[in-house]
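The values are calculated or read from the model by the stated rules, or taken from the named source; none is laboratory data. What you see is a predicted model, and the numbers here were worked out from it, not measured in a lab. Don't worry about glycine lacking a Cβ; one is built from the backbone with ideal geometry, like all the others, and counts go over all protein chains shown.
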Amino acid sequence: MHQHQFTRRQLLSGLGSTALLSFLGKVNAFAQSAPPDYKALVCVFLSGGNDSHNMVVPLNGTDYAAYKSARGTLALPDLNGAMVNIVNTDGKPYGLNPGLLALQPLWNQGSLAILANAGMLVQPVTRTQFLANAVPVPTNLFSHSDQVQQIQTGIPSASGGTGWGGRAADVIKSFNGTTSFPSALSVSGPSLFCKGSVVQGASIVPGLGLDMYGMDIWPQAAASARKTGLQQILQFNSGLELIQVANNVRKDAVDMNSMLSSAGASLGTAFPGTGIGKQLQQVAQIIKLRTTTGMSRQVFFCTLDGFDTHSAQSWTQWDLLRQLAEGLAAFYNATTELGVADRVTSFTLSDFGRTLEVSGSGSDHGWGGHHLILGGAVQGGRIHGTFPTLSMGGPDDANTRGVLIPTTSIDQYGATLATWLGVPAAQLSTVFPNLSKFPNPTLGFMKA
């Protein structure tokens, strides 16, 4: 890797670039032998606050009646299989939003699980404690900007400057040996989630070519001469630090483009042409290159926008969940194609849940929500955690609008995933400083 007082990261930050990998190093510095083992976490952030009360619905009589009463005009109909029917391991029936139809086979085969009612917490809190202000809670609970930061940092205040994905990558950095390829990588622009204290998260935009323009000229000899000339310019040491940093970033981008556009990165699995489909396809292509890059542990970050559904929620959420499900199903098929289905785990996060109470044709900002976890190493076909009571003013409501208090913390959710990735139990507190406040640091939804 090139060494400069003026770093490539500083240059990219100054240029506002989100397309180049600023922590790449030279391709010929990558390890060329297959890693001894491989694991990856893939976070899919549902930006805006997913109304997961209409993503997972209890269908047994009294619970569905309570749901229907609380949700009013937003309630999904339990008629003629309108919802995707699943059964939990305790025998209770649930319905998934019909947009998630593509994931039903993965639930049935045990590769998809649901974590119920998770959210940002300082410590466990009951309705009585919350109403009496008896215990601390996260700052600015219902603010998008604050909660996005807290969910990604794992810090229940506005003080977090690193993400828990990046901190996990810090702890297990030694798994990746001497390779300089990024171990924490966003495919949806720069993300706080991927930023560590040691590992500096990198980003790339799917489909945005990093190759050199103006090289398709005739005859071929002239094109080759032009490419050679540019390579010589990029490698020439002018003695001017800023120019050298810019040239090295460009060289790395060209090298990376060559890797991603090569036959070695192609996949047989077809992906949907949606934004999230393209992001997950890019992740799968990078995973396929793990032998070339020498990676043994990786963390990825994707984003699907549009979940701030204050109006027109029913159609909007259905379509967003359809995009999510079809993208995740294709991604799982790609990991099967690559032989790593049991070594890649995808999971969802979101700003917060939403209110049970209807607001116009949508819902307002809430607190606890449900999340999807997908992969061959997942204890699938079941709902983990404690499913909440769906009633306004009920035991899980923070007020009278159905703002459900989380019964599982993001710390526990993330710690379970980080443990599977390879973070030792003794170092979980480095990744999740608040974890000791909860009686069970991990939740058991991953296979050993």
Quiz item: How many of the residues making up the stretch 100-134 are assigned to a helix (DSSP H, G or I), surrounded by fewer than 22 Cβ atoms within 10 Å (Cβ to Cβ) and under 25 Å from the mean Cα position of the chain (by Cα)?
Solution: 5
Quiz item: Is it fair to say W315 is modelled with pLDDT of 95 or more, over 30 Å from R297 (Cβ atoms), of a type in the set (F, W, Y) and surrounded by fewer than 21 Cβ atoms within 10 Å (Cβ to Cβ)?
Solution: yes
Practice problem: Quickly run through the stretch 401-433 and pick out the residues that are assigned to a loop (DSSP other than H, G, I, E, B) and either at negative phi or surrounded by fewer than 20 Cβ atoms within 10 Å (Cβ to Cβ) (or both). | Solution: R401, V403, I405, P406, T407, G422, V423, P424, F432, P433
Exercise. State yes or no: is S69 hydroxyl-bearing (S, T, Y), buried (at least 23 other Cβ atoms within 10 Å of the Cβ) and under 24 Å from S363 (Cβ atoms)?
Key: no
Practice problem: Counting only residues that are of a type outside the set (S, T, N, Q), touching a residue at least 24 places away in the same chain (Cβ under 8 Å) and out of contact with any His (no Cβ under 8 Å at 6 or more places or on another chain), give me the strands (runs of 3 or more DSSP E) lying completely in the stretch 323-398 with at least 2 of them. | Solution: 354-359, 369-374
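Of these, T139, T179, T128, which one is farther than 23 Å from S47 by Cα and without any contact (Cβ under 8 Å) to a residue 24 or more places away in the chain?
Result: T128 is the single residue among T139, T179, T128 that is farther than 23 Å from S47 by Cα and without any contact (Cβ under 8 Å) to a residue 24 or more places away in the chain.
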Exercise. Please tell me if V423 is over 22 Å from W164 (Cβ atoms) and among the β-branched types (V, I, T).
Key: no
